[in-house]
Amino acid sequence: MTETEFIELAEQTLQSLQAAVESACSDWDVDRQGNVLTLQADDGFQIVINKQTPTRQIWLASLKGGHHYEREGEEWVDTCTRQTLKKALESLLTERTGRPVRL
């Protein structure tokens, strides 16, 4: 994937995640500053998602740990666990909200 392709795809992904979280978790503060999408619960718990152009990855970080996602086919897949970015984010949000969250 070229740098330009990565930037376009990562931007689409961040925009899509932002819209999905805003819709599914209206009680969360969702903020986008450049390459960084920050999700914050009322209790201060944060999830930070950002694009890393040099490595062509999207990174997700929270108190639960950090994960690096590379594009494989139609999904962003964790380089270690093989879990998709969407599933990982749904799991974190479900755990924090106490109700199933589907993005």
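The values are calculated or read from the model by the stated rules, or taken from the named source; none is laboratory data. What you are looking at is a predicted structure, and each value in this text was computed from that prediction instead of being measured. Positions of Cβ are backbone-derived with ideal geometry, glycine not excepted, and every protein chain shown enters the neighbour counts. With ligands, DNA and RNA removed, areas are computed over all heavy atoms of the protein, side chains included. Shrake-Rupley method; radii C 1.70, N 1.55, O 1.52, S 1.80 Å.
The one condition from (1) over 22 Å from GLU95 (Cα atoms); (2) open to solvent by less than 90 Å² (accessible area, probe 1.4 Å); (3) among the charged types (D, E, K, R) that ASP27 does not meet is (1).
Selection within the range 77-103: residues that are free of Cβ contacts under 8 Å to residues at least 24 places away in the same chain and part of a loop (DSSP other than H, G, I, E, B). The member of this set that is nearest to the chain's Cα centre (by Cα) is GLN83.
Is at least one residue of the range 87-102 open to solvent by 20 Å² or more (accessible area, probe 1.4 Å) and within 25 Å of THR4 (Cα to Cα)? No, that holds for no residue. Filtering the range 30-51 to residues that are open to solvent by 50 Å² or more (accessible area, probe 1.4 Å) and either without any contact (Cβ under 8 Å) to a residue 12 or more places away in the chain or out of contact with any strand residue (DSSP E or B) (no Cβ under 9 Å at 6 or more places or on another chain) (or both) leaves ASP31, GLN33, GLY34, ASP43. Counting only strands (runs of 3 or more DSSP E) that sit completely within the range 1-76, those holding 3 or more residues that are of a type in the set (A, V, I, L, M), within 25 Å of ARG96 (Cα to Cα) and in contact with a Ser or Thr (Cβ under 9 Å, 6 or more places away or on another chain) correspond to 46-52.
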